[in-house]
Amino acid sequence: MCIRDSYDSFMVHDNLIELNLSRMKISSHLLQKVVDNLTKGKAKLETLVLDYNMIDNEGIMALGIYLAMERAQKLNHFSISGNPIGDVGVQNLCKILQARTKGASLDNGIGLKYLGLSETKLSDSGIFALVNLFERAASSKTTNAQNSKAAVVENEEKLTLDLSKNLLTESGINVLAGFLSHDEIIASLNLSHNPSLDTKCFGLILNGLLSNYSVTTLIYEDNIIDRENLNHLNRFLSINYVITRISITIPHLMYSLLNSKTIPVLSLIHISEPTRLLSISYAVFCLKKKNPFFYF
């Protein structure tokens, strides 16, 4: 059966909770057929993965019809990585997510525990929209807690956010870092493979995380990091006891700059980069830092 024809008879079982249609050559037009079948059915999806298709902003608007439905409030894992939705698509997605947070099953402000936006042609304008969404969500969550005279839940499920392989620059990172410095929605952040990020950007992120108590994982592979960045990282790890994993890519000649006193456990993940034209070895480190015990 032709992929294009299969969506005419596409049916969703009423008990289905996970739908993965990655790499199925789905265009925005075909996605509309999928959405039509989702809206007609009774399935309450918890996971929707549409990675690496041909979905653009038009497809995001079609998805909005389903995401606005009451049965979509159970959705907590959403990924549209590898689709050219661009900043406009991300901006519209943020509007859709903002509208569905009130009835979402997760009380972390945006109703999701995973949001995949890798390789979506996202740039700074899209980051601004995301930060605005997070700011509004955090404000609304705090207000609701105060109105109900209930404390904000400290161990609620946080968000894993994948922004890798995009077009981010210093402006977007600066705004994101500012958000990280005072709000606690994100638990894991992936900023890998953003070629326009310079050495200053890594410093901005670390500064933003200094006063953050929710981010436990930072993935920053294949971005530019220099010696001063590693010195900054050593100082950061001696102060921040929340983050438990940092993945970075550095030349092998810079390994010695990592301070073993501030990195109790150091695990080597990758030590070569064969695609490089020059014979320079690179390594990706996973830095795991155990929390110390405090006695009062």
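Some notes on this structure:
- Residue check for SER105: of a type outside the set (A, V, I, L, M, F, W, C), under 19 Å from ILE186 (Cβ atoms) and at pLDDT 95 or above: no
- Unmet requirement for LYS33, which otherwise passes all of (1) surrounded by 15 or more Cβ atoms within 10 Å (Cβ to Cβ); (2) among the basic types (Lys, Arg); (3) assigned to a loop (DSSP other than H, G, I, E, B): (3)
- Considering residues of the range 215-243 that are over 17 Å from HIS193 (Cβ atoms) and touching a strand residue (DSSP E or B) at 6+ places or on another chain (Cβ under 6 Å) only, the residue most open to solvent (accessible area, probe 1.4 Å): THR216
- Residue tally, condition assigned to a helix (DSSP H, G or I), of a type outside the set (A, V, I, L, M) and either open to solvent by 40 Å² or more (accessible area, probe 1.4 Å) or out of contact with any helix residue (DSSP H, G or I) (no Cβ under 6 Å at 6 or more places or on another chain) (or both), over the range 170-212: 7
- Candidate set: the range 36-65, residues that are closer than 24 Å to LEU122 by Cα and of a type in the set (Val, Ile, Thr); chosen: the one surrounded by the most Cβ atoms within 10 Å (Cβ to Cβ): ILE55
- Those residues of the range 179-211 which are in contact with a strand residue (DSSP E or B) (Cβ under 8 Å, 6 or more places away or on another chain) and either more than 19 Å from THR244 (Cα to Cα) or polar (S, T, N, Q) (or both), in sequence order: SER188, ASN190, SER192
- Residues of the range 22-66 that are touching a residue at least 12 places away in the same chain (Cβ under 8 Å) and charged (D, E, K, R): ARG23, LYS25, LYS33, LYS42, LYS44, GLU46, ASP51, ASP56, GLU58.
- The condition (being open to solvent by 30 Å² or more (accessible area, probe 1.4 Å) and at pLDDT 90 or above) is satisfied by just one residue among THR142, THR120, THR160: THR160.
Yes/no matrix, rows are residues, columns are (1) of a type in the set (Phe, Trp, Tyr); (2) open to solvent by 10 Å² or more (accessible area, probe 1.4 Å); (3) over 20 Å from the mean Cα position of the chain (by Cα):
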site	(1), (2), (3)
ASP14	no, yes, yes
GLU18	no, yes, no
LEU67	no, no, no
ARG71	no, yes, yes
HIS77	no, yes, no
ASN83	no, no, no
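- Scanning the range 64-93 for residues that are modelled with pLDDT under 95 and closer than 13 Å to LEU115 by Cβ yields a count of 3.
The values are calculated or read from the model by the stated rules, or taken from the named source; none is laboratory data. For clarity, every value in this text was computed on a predicted model and none was experimentally measured. Here the Cβ is made from the backbone with ideal geometry for all residues, glycine too, and neighbour counts use every protein chain on show. The area values use the complete protein model at the heavy-atom level, side chains included, leaving out ligands, DNA and RNA. Shrake-Rupley method; radii C 1.70, N 1.55, O 1.52, S 1.80 Å.
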